[in-house]
Structure formats: C-alpha cells, structure tokens
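Working notes for the structure below.
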C-alpha cells in the first residue's frame, strides 16, 4: 500500500513525507557523531516498508515507534546503533514532556513554539474567557494583531481614494467581512488620518470601500502576520496584548510631567494608573518639585519633597497590575542640582522594598563632570525660586551615587545634555525623562511604540542576509507607523503629543545568537564591527522608509522647525530607532535578549509534571554535536554554573560562548556606545558585574559611559538585590523557585536588567 497521508496527534491528516523521517534519524546520528545520510535513508526505508505492510493510514506516534525499533535493529556490520536510538528516544521523551506541559497550560500550539514561549503566552498574551480558559492559539494572537494594524492601510487608501478619486496600484484585494475590533481600528485611524471623528455615515462608506474596492489592508495584514509568525519581528507587549481587544492601547513607553502643585501631581498619578492598567510603563522627572521643608504658600506649611511623592506613585503602581497581566514600571529622574538629591540617591534599598516599582536615575550634564574634575562644589537650586539653597561637593554626590549603585543597582545615570543634543524636535520641547528602561527619551506626554528585528533569523551560510533584513525593516517601520493610527490612547494630551512627533522605536534582538552563528566572540573588535554594520543598516533603512512614508502620507506635524527640516529630509516619524531590552518578546521569538550577551548556556528546568528538562543554548548544542563533543552529562554539568569556565571544552568554543559575567564591563559599555552611535533614541543595556566587583569598578563604568557619549547607563552587580530574576547556575541559585515573583515565567537566557523592577523589561 502506498502511504499518502499521516494522522497527526490532533487527529488531522497531512501529506506523508518520507524525508521527514530521514531528517529526524539523521539528526539523532549527528547528535552522537555516528552514522551517515545513507544509514538514515536505510532506516527510513525500513520504517516505510513496515508502514506500507500494515495497510493503514499511519499515526505519527506509530511512525516514531517504528523508528525506535528500526534504529535498535539497524547494524553497520560492526555495532548496533543503540547510541543513535538512545538519542532519538531521549529527544522523543523530551518532546512528549513539552507537549504535556503545553496541554497543562491549556495551549493549542499551532506554531511549535518553545516551552518558554508557550509559558509566557499563557501567562500574559493569549486571550482568555471569563473562566480563565485560553480561547486563542498563538497564530490567532498574531493574526488578531496583524488584522487590527493592517486595517489602517485600508483607511489610508480610502483617504487617497476620496482625495484623488483613484486607487493605488498594488497587489491588493477587497477585505472580507470585518470584525468589531477592525471597525474600532478603522474609527480610530479615521480620526488620526482625517483629523476629525468619523460619523456613522463615514463608517458605512469606509466599510463599503474596504469590502468592495481593492485596497491594501489584507495585503499588509498578511505581511505583518508573516513577519510575526516567522519570528522575524515582534512588536512591544502592549501591542500583542491589546490589539484587537477592548483596551486597544498599544504603546509601551510614556513620559508624564509632574508639576509643582497638588492638582498636577494627582492628575499625573491618575493618568499613570490608567497607563499601567493598559500595559504601558511610565517615566517622570521630579526635578520641578520644590524640595523637602520648602514653604507651601497656600497653607503656610512645608513641602515633603519629591521622594515622598514618588512613594505615592510607587504604592499606586503596586496595587494596579497592568491589565491584570503584569506589574507596572516607573522611571524616576531627579537632576543632580536639586536640593533633595542626596535623599533621592539613597532612596532605594538592597531588599527592593522601598520604591520597588521604580528605577531611579540621576539627571547629569557635562557641567557636573567639570565640577567633579575640578573638585568643586555644586549649587543646589530650588526649582520654585531659582535660588541657590546650598552647596555640596560634586565628589560627595558622585561617591554617594557609586556607593548606592554598588549596594542596590540604583541609581543609574541619564545624560540629559547628550539626550537633548540628539533631540530631533527641539522646536517642541526639552527632554527631561525617559521610559522605565531608559532607552526611550520622551517629551512630556509623549508615548512611543516599539518593536524589534530578530537578528538570529538573518544569518545565511555564514553571512548576514541584508537583502531580506531590508524587507523586514521596511515592513516593520510601516507597521509601527500604523500602530500610532490604530492606538487607543489613554489621554488626549498623549494623543496630541504622540501624533505631533510620531515617534517609533525599531530595535534589535538576537544579537548574541547572530554572533554565535558567525562564530564571533561578543567581547571582540569583530563583534563591535558587526554591531556597527547591523545598527547603521537598521538606521539607514528605517530612515529611508520613514522618508518614503512621508512622501506617501505627509511628514509628522512638528516637522517644521525640527532638525529634519533643517537637514532638508522629509520624515514621517521624528525618530525611528530604539534598542529596548526585549524581555518577554525575545522569549516568544526564542532568541537572545536585545543586544545582550548570553546570560547562561544550560539550565535544568523542573516542570509542573515533576519531571526535568535540560534546556540548552541551541547554538552551543549544535557546535558540540558537530565536533562530537556533545553529551547530556556535559549539558547538566554546564547547567551547574551556566557557563563553560570549568569544562574541558576547546578554548575556541569557550571564547565564542562567553557569558555576561565573563565579559569585562569595558566591552559591555563599548558595545552600548557602538549601538548608540547609530540610534535615534537610546539603548537599554545592562553592564553586568560580578558580585565581587568593587565600587571603583562601577565608578569606572559610569565615567566611561559619559566619555563615550552614551545617553545613560545602568549597572548590575550580581547579588546586589535580594530579589533577582536570573541566576547563572544551580550552584549559585539562592532563592527557591517559589520565591521568584512570577514563578511561571522561567527565563532561560538573556541578562538580568535592573532597568525594570521585575528584572526584565516586558517589551
């Protein structure tokens, strides 16, 4: 009997392909460095023969049973392939555990994602019914997002149609029936594009146009879907969570002004709560607040100072979880010349109980470092009066910052003059704050939506595939620009300011994976060269695509008077590039975090069924198998520390796969500075330090970041917080799994990022 179909585990039937059996067998052979392609073909021939003799449509489990049996029988004349069979059986057992775990989570995985990705999606992203039961698959999630954003393209076509009574020449078609959330996106986009609210008549005419006239909505929806399901690109978490839902708020980053009066402070607090509920993170400058013990004119009392009000914001964040899915995050910034600067510097603690939902950074400028170098005083200026309250040694401020950063990983530094030197819209205002992770400087009431290109997907035959990367960058820029028009903003001020500057932040993830594929060590001149190459390419192509969109849709409204106008360049977006931490989206995409090195290379994972899995870096695993060095025992040994330091592996493998704590701070900072050279906004990068690092090491890192013109810096000395999400190995792991704030979220690689309160930014 000729075998035509095979029954999958879910009961569906698909085309039978013998080559899939051959590939699976050959992979098992490669893993133990025994056997050839011909051997694999012989085994698959024997399996197919047995299947044909059965006279039934085979089930996938029956096929795998036969593979195991034939591997045990197969002989090359000298020895049985028991080692190959053992490898195949172990792989099959691991896959069974993973499938069982996904079933326990309630996920029907139609994209064959990693267990980590499935865990994150179940926890935060997949839609659930009122009883908490998951009601969408991973692919359906991405389709929900793609359809909600792609519909904006159709609204632009409608605008063009009305303006010129003609249609664009593209590979386009009509849309099928629209759902309620596409209609909501249409209405939001209509207001953004036409500058007024849509009437019922407008909506009827628009829907008729989209379903009867050729337009580009379905064309781009499919392109957006493809780049997400292929994991080439991933938008920030609020877009994944909220597109095509009632919330509809799609941005990750917000900066909210805090004025020096009670009404302003509590208006900002209310807005912060709304933003956190919808999945965004907030940044604040508290530098305009009068200092502690200053006079309050209305009551003739005394002020309590910025830190006291930060505590109110912190408590509010604590009790409001973002959409019920994740805890809010804040960035608090205070200028170094504020009278309360010393209280601010010392406001965090090692136990992370004080201001636990805040990252804090001191706002610096070159004037401070000039005073520090000359061992001079700093004038502390009351923002209410503009008068000097007192003077302190610049060295006292500096040493306090260093000491606290060593103890608690806070405060970081924000270099305000460097940020404003690169502010593309100085005609709109001065930047005083950033988002919680520090990579997105924003004006008051601005927001920004982010997304990241997965570099691990763009290495082909040992070279970077820039041609395919260009296509994804262009589609990603269009996607992020459309997000602005589909976004249901939480406040009119934010709507107005975001539309005025139209900032987007396209970044990168999977950089360590790309280096591993290219066999380049992270701490090397070659790696810095790759960083320059890929980031300058991203910058150039994203600018070019934004310029194309400006020709098609018009410049961002604040273009007149901007640096872009001065340069004679039309732009749709005032910024296009940002390097975010990519915490959970890199887990979904199954790649290394952002531009970070690997945090650890192997883990022992305990799953809900009580079984264990050894999770391995797939690039290391492939290299070890290629050289005949791989064994499960070796991977368990590596899992004890997370790195290769105490193994007997060849030095070139150890060199390529060095982990974050094995890389000196100088290389971390040079990498950050390299990416910053070609980035419109900022770069979120953790400067990892050993637990044994000294305050002098932190001082050197902070000064180096300033000298290399970074826009900010965050350091993290291992163990400097009692609550820590990532540990490099089982031997060093102190708290039990239950003590981690969100035990379901098991991060298998990437570096701990204190720039976000939960250890990783959920972008």
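The values are calculated or read from the model by the stated rules, or taken from the named source; none is laboratory data. All values derive from a computational prediction rather than experimental measurement. We place every Cβ from the backbone using ideal geometry, glycine too, and count neighbours over all the protein chains shown.
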>> Looking only at region 26-74, how many residues end up being within 22 Å of residue 631 (Cα to Cα), more than 42 Å from the chain's Cα centre (by Cα) and crowded, with 21+ Cβ neighbours inside 10 Å?
In response: 1
> Do we have residue 616 as in contact with a strand residue (DSSP E or B) (Cβ under 6 Å, 6 or more places away or on another chain) and surrounded by fewer than 24 Cβ atoms within 10 Å (Cβ to Cβ) here?
Replying inline: yes
>> If a residue must be surrounded by 15 or more Cβ atoms within 10 Å (Cβ to Cβ) and without any contact (Cβ under 8 Å) to a residue 24 or more places away in the chain, how many such residues does region 365-376 contain?
In response: 1
> in contact (Cβ under 8 Å) with a residue 24 or more places away in the chain, touching a helix residue (DSSP H, G or I) at 6+ places or on another chain (Cβ under 7 Å) and either under 19 Å from residue 224 (Cβ atoms) or buried (at least 19 other Cβ atoms within 10 Å of the Cβ) (or both), is that true of residue 480?
Replying inline: no
>> Going by what's in this entry, would residue 236 be described as assigned by TED's automatic domain parsing to the domain that holds residue 157, buried (at least 23 other Cβ atoms within 10 Å of the Cβ) and at negative phi?
In response: no
>> residue 438 - would you say it is assigned to a loop (DSSP other than H, G, I, E, B) and free of Cβ contacts under 8 Å to residues at least 40 places away in the same chain?
In response: no
> Tell me, which helices (runs of 4 or more DSSP H) wholly within region 175-274 include 2 or more residues that are touching a strand residue (DSSP E or B) at 6+ places or on another chain (Cβ under 8 Å)?
Replying inline: 217-229, 237-242
> Looking only at region 503-521, which residues are in contact with a helix residue (DSSP H, G or I) (Cβ under 6 Å, 6 or more places away or on another chain) and either crowded, with 23+ Cβ neighbours inside 10 Å or within 18 Å of residue 467 (Cα to Cα) (or both)?
Replying inline: 504, 506, 508, 509, 510, 511, 513, 514, 515, 516
> Limited to region 685-724, what total is found for residues that are part of a loop (DSSP other than H, G, I, E, B) and surrounded by 19 or more Cβ atoms within 10 Å (Cβ to Cβ)?
Replying inline: 8
> Is it the case that some residue within region 101-108 is modelled with pLDDT of 85 or more, assigned to a loop (DSSP other than H, G, I, E, B) and surrounded by 19 or more Cβ atoms within 10 Å (Cβ to Cβ)?
Replying inline: yes
> Hey, residue 362 hits all of (1) more than 26 Å from residue 582 (Cα to Cα); (2) in contact with a strand residue (DSSP E or B) (Cβ under 8 Å, 6 or more places away or on another chain) but one; which does it fall short on?
Replying inline: (1)
>> Among the residues of region 384-401, what is the count of those that are surrounded by fewer than 22 Cβ atoms within 10 Å (Cβ to Cβ) and under 30 Å from the mean Cα position of the chain (by Cα)?
In response: 0
> Regarding residue 680, is this residue in contact (Cβ under 8 Å) with a residue 24 or more places away in the chain and either more than 30 Å from residue 415 (Cβ to Cβ) or buried (at least 16 other Cβ atoms within 10 Å of the Cβ) (or both)?
Replying inline: yes
> Based on what the data block shows, is residue 107 touching a helix residue (DSSP H, G or I) at 6+ places or on another chain (Cβ under 6 Å), touching a residue at least 40 places away in the same chain (Cβ under 8 Å) and under 22 Å from residue 12 (Cα atoms)?
Replying inline: no
> Just for helices (runs of 4 or more DSSP H) wholly inside region 1-75: which have at least 3 residues that are out of contact with any helix residue (DSSP H, G or I) (no Cβ under 9 Å at 6 or more places or on another chain)?
Replying inline: 37-54, 60-73
> Exactly one of (1) touching a helix residue (DSSP H, G or I) at 6+ places or on another chain (Cβ under 7 Å); (2) at negative phi; (3) in a loop (DSSP other than H, G, I, E, B) is unmet by residue 590. Its number?
Replying inline: (2)
>> Residues that are without any contact (Cβ under 8 Å) to a residue 24 or more places away in the chain and assigned to a strand (DSSP E or B): does region 395-418 have at least one?
In response: no
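Can you confirm whether region 420-432 contains a residue that is assigned to a helix (DSSP H, G or I), in contact with a strand residue (DSSP E or B) (Cβ under 8 Å, 6 or more places away or on another chain) and either at pLDDT 95 or above or not assigned by TED's automatic domain parsing to the domain that holds residue 351 (or both)?
No: region 420-432 contains no residue that is assigned to a helix (DSSP H, G or I), in contact with a strand residue (DSSP E or B) (Cβ under 8 Å, 6 or more places away or on another chain) and either at pLDDT 95 or above or not assigned by TED's automatic domain parsing to the domain that holds residue 351 (or both).
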>> For the list (1) assigned to a loop (DSSP other than H, G, I, E, B); (2) modelled with pLDDT under 95; (3) touching a helix residue (DSSP H, G or I) at 6+ places or on another chain (Cβ under 7 Å), I need the number of the one condition that residue 679 fails.
In response: (2)
> Within region 643-676, restricting attention to residues that are buried (at least 24 other Cβ atoms within 10 Å of the Cβ) and part of a loop (DSSP other than H, G, I, E, B), which residue is nearest to the chain's Cα centre (by Cα)?
Replying inline: 659
> What number of residues within region 670-687 satisfy the criterion of being closer than 17 Å to residue 525 by Cβ and in contact with a strand residue (DSSP E or B) (Cβ under 7 Å, 6 or more places away or on another chain)?
Replying inline: 2
> How do the pairs read when you match residues in region 266-285 that are touching a residue at least 40 places away in the same chain (Cβ under 8 Å) and on the phi > 0 side of the Ramachandran plot with residues anywhere that are in a helix (DSSP H, G or I) and crowded, with 17+ Cβ neighbours inside 10 Å, using Cβ under 7 Å and keeping only pairs 6 or more apart or on different chains?
Replying inline: 279/237; 279/238; 279/241; 279/242
> Given (1) at pLDDT below 90; (2) in contact with a helix residue (DSSP H, G or I) (Cβ under 9 Å, 6 or more places away or on another chain); (3) not in a helix (DSSP H, G or I), where does residue 86 come up short, assuming only one miss?
Replying inline: (3)
